[in-house]
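Everything below concerns the one structure shown next.
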């Protein structure tokens, strides 16, 4: 039986998703309050906090397409949630939970940070200065995707080593 099918593991998945969304929204709230006046905070090496708004998708592509991107993200969230019941790897389940939480964090921005339904921009503030500015939700999506791909690769390698 797959891990995601048990009540306890489903609760753990919901907890991971909730933690990602809460951390993401709390840090965005902080950034909006502390960095709104154009202030940047230099931390270490090239890492700084710098507030920007993204009405597009990853790497600021598709600016102004927030509604379409938001609707697609909602569809992907539903698809990932439904797919959890078919996951057998703890790594894939955790990665999928991070993906869902990150996608939800950014959809919340699109839903509630604009003047129209899905018209808001995503709040980004983690600036490495050599990489596009991002947020906690973006990090969760990236780490989640790496975990899912890693799980698929491990499963593939195990199945090849079992075959005669």
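Quick note: the coordinates plus some simple rules give every number you see, no bench work behind them. Remember, predicted model here, so these are calculated numbers, not experimental data. Heads up, the Cβs are rebuilt from the backbone with ideal geometry, glycines too, and the neighbour counts pull from every protein chain shown.
Tabulated data for the structure shown
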quantity: Within the stretch 65-85: backbone nitrogen closer than 15 Å to the residue 29 label point (7 Å, Cα to C-beta); calculated: none
quantity: Under 18 Å from the residue 15 label point (7 Å along Cα→beta-carbon), backbone N, the stretch 70-101; calculated: 90-101
quantity: Packing-based order for 25-35, 84-94, using average beta carbon neighbours within 10 Å, highest first; calculated: 84-94, 25-35
quantity: Per-peptide average of other Cβ atoms within 10 Å, ordering 100-111, 141-152 highest first; calculated: 100-111, 141-152
